[in-house]
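Before any comments, here is the structure.
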Amino acid sequence: MSTANGFTTSITNYDPLYTFTCTSTSGSCALGTVSGATRPLTITGLSAGQSATITVTTTRTGYANGVTTLLGTAAALNPTFSTPVGTTTGFTVNVTNYNASYTFTCTTTAGACALGTASGSTRPLTVTGLTAGQSATITVGTTRTGYAAGSAQVTAAAVFAARITTRSTPVRASTSLTVNITNYDATFTYTITASSGTVTRGTAVGSTLPISVTGLTRNRTTTVTIVTSKTGYASSTISFTA
């Protein structure tokens, strides 16, 4: 059975009257604890997808030696991914277990997939050419001469353009300020913060949402930030200081 750094197998006709040894062309081979006629072997120290041949030898005084060989392969390097982030023309995602010893390829069911510049174990992928709401599945393959090939898939979708929040001119008093969002849409989420003071949202009337910030220090400014978000849409951020 393949593992991340080797493989395992078992001797199925173990006999304690014989001495068993195990060697490997790559990595190392360890003999495990006997259970009846079974003795497990564990091969470690291989790279993902790398193969090795183990040789198991049996010896006993007065008897001819026995030799058996077995070829095994470590599990392939199957890419792992970060959480995809939608854009208006596709999405971005990172391979999080990039290894420069392997060749990575990327194909997609729609649009185009481009591999970016690696940084450590991270390699960014960018999918473009999708329309808003359209999804695509990308397949990332890994190959290396003499090693088993690996692959993995991830699916994501392009998002609709962000809704850019508009506002009125802030009105500043000595210890407070008021401002209105002028294109309020209740289907979006508005996250409103201030660098100082306490933010209070009023009751929306049509497309107007009043906002007040209280508890400000006289003659000191505060910066208000409004993030607008909705599932399937790009988010937008506006800030102002008053």
Practice problem: Would you check if there is a residue in the stretch 226-239 being surrounded by 15 or more Cβ atoms within 10 Å (Cβ to Cβ) and free of Cβ contacts under 8 Å to residues at least 40 places away in the same chain? | Solution: yes
Practice problem: Filter the stretch 85-125 for residues that are assigned to a strand (DSSP E or B), over 16 Å from the mean Cα position of the chain (by Cα) and either over 24 Å from A148 (Cβ atoms) or among the small types (G, A, S) (or both) and give the result. | Solution: T87, G90, A112, A114
Quiz item: Hey, A64 hits all of (1) in contact with a strand residue (DSSP E or B) (Cβ under 8 Å, 6 or more places away or on another chain); (2) exposed (fewer than 13 other Cβ atoms within 10 Å of the Cβ); (3) not charged (D, E, K, R) but one; which does it fall short on?
Solution: (1)
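Yes or no, residue by residue, for (1) modelled with pLDDT of 95 or more; (2) farther than 19 Å from T237 by Cβ:
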{"residue": "Y147", "(1), (2)": "no, yes"}
{"residue": "A173", "(1), (2)": "no, yes"}
{"residue": "Y184", "(1), (2)": "yes, no"}
{"residue": "S195", "(1), (2)": "yes, no"}
{"residue": "T203", "(1), (2)": "yes, yes"}
{"residue": "T221", "(1), (2)": "no, no"}
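Would you confirm, using the coordinates I've provided, whether T58 is more than 19 Å from S101 (Cβ to Cβ) and either surrounded by fewer than 17 Cβ atoms within 10 Å (Cβ to Cβ) or touching a helix residue (DSSP H, G or I) at 6+ places or on another chain (Cβ under 9 Å) (or both)? Show your work before the answer.
Working: more than 19 Å from S101 (Cβ to Cβ): yes; either surrounded by fewer than 17 Cβ atoms within 10 Å (Cβ to Cβ) or touching a helix residue (DSSP H, G or I) at 6+ places or on another chain (Cβ under 9 Å) (or both): no.
Spelling it out, it is not the case that T58 is more than 19 Å from S101 (Cβ to Cβ) and either surrounded by fewer than 17 Cβ atoms within 10 Å (Cβ to Cβ) or touching a helix residue (DSSP H, G or I) at 6+ places or on another chain (Cβ under 9 Å) (or both).
Could you look through the stretch 49-61, keep only residues that are free of Cβ contacts under 8 Å to residues at least 40 places away in the same chain and either outside any loop (DSSP other than H, G, I, E, B) or in contact with a strand residue (DSSP E or B) (Cβ under 6 Å, 6 or more places away or on another chain) (or both), and pick out the one that is farthest from G27 (Cα to Cα)? Spell out how you get there, then give the answer.
We begin by selecting, within the stretch 49-61, every residue free of Cβ contacts under 8 Å to residues at least 40 places away in the same chain; these are 53, 55, 57, 61.
Add one more test, that the residue is either outside any loop (DSSP other than H, G, I, E, B) or in contact with a strand residue (DSSP E or B) (Cβ under 6 Å, 6 or more places away or on another chain) (or both), and what stays is 53, 55, 57.
Working: T53: 10, T55: 13, T57: 17 Å.
Filtering first and then ranking leaves T57.
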Quiz item: Quick one: how many residues across the stretch 1-48 are in a loop (DSSP other than H, G, I, E, B) and touching a Lys or Arg at 6+ places or on another chain (Cβ under 7 Å)?
Solution: 4
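Mind telling me which of the residues V154, V159 ends up being crowded, with 18+ Cβ neighbours inside 10 Å, under 12 Å from P79 (Cβ atoms) and either among the aliphatic types (A, V, I, L, M) or over 20 Å from the mean Cα position of the chain (by Cα) (or both)?
Details: V159 fails: under 12 Å from P79 (Cβ atoms).
That would be V154, the only listed residue that is crowded, with 18+ Cβ neighbours inside 10 Å, under 12 Å from P79 (Cβ atoms) and either among the aliphatic types (A, V, I, L, M) or over 20 Å from the mean Cα position of the chain (by Cα) (or both).
Out of the stretch 11-29, which residues are within 36 Å of the chain's Cα centre (by Cα) and either surrounded by 14 or more Cβ atoms within 10 Å (Cβ to Cβ) or at positive phi (or both)? Let's see the steps before the verdict.
Within the stretch 11-29, the subset within 36 Å of the chain's Cα centre (by Cα) is 24-29.
Passing the criteria: S24, S26, G27, S28, C29.
Only one of G72, G66, G90, G86 is on the phi > 0 side of the Ramachandran plot and touching a residue at least 24 places away in the same chain (Cβ under 8 Å); which?
Going through G72, G66, G90, G86 in turn, the sole match is G90.
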Quiz item: Are there any pairs, at least 6 apart or on different chains, whose C-beta atoms fall under 8 Å, with the first in the stretch 157-180 and outside the structural domain of T231 (by TED's automatic domain parsing) and closer than 20 Å to S195 by Cα and the second assigned to a strand (DSSP E or B) and of a type in the set (G, A, S), and if so, which?
Solution: T165/S236
Quiz item: Can you spot a residue in the stretch 39-47 that is aliphatic (A, V, I, L, M) and in contact (Cβ under 8 Å) with a residue 40 or more places away in the chain?
Solution: yes
Self-check item: A132 buried (at least 19 other Cβ atoms within 10 Å of the Cβ) and either on the phi < 0 side of the Ramachandran plot or in a strand (DSSP E or B) (or both)
Solution: no
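The values are calculated or read from the model by the stated rules, or taken from the named source; none is laboratory data. None of the values given here were measured: they were computed from a predicted structure. Heads up, the Cβs are rebuilt from the backbone with ideal geometry, glycines too, and the neighbour counts pull from every protein chain shown.
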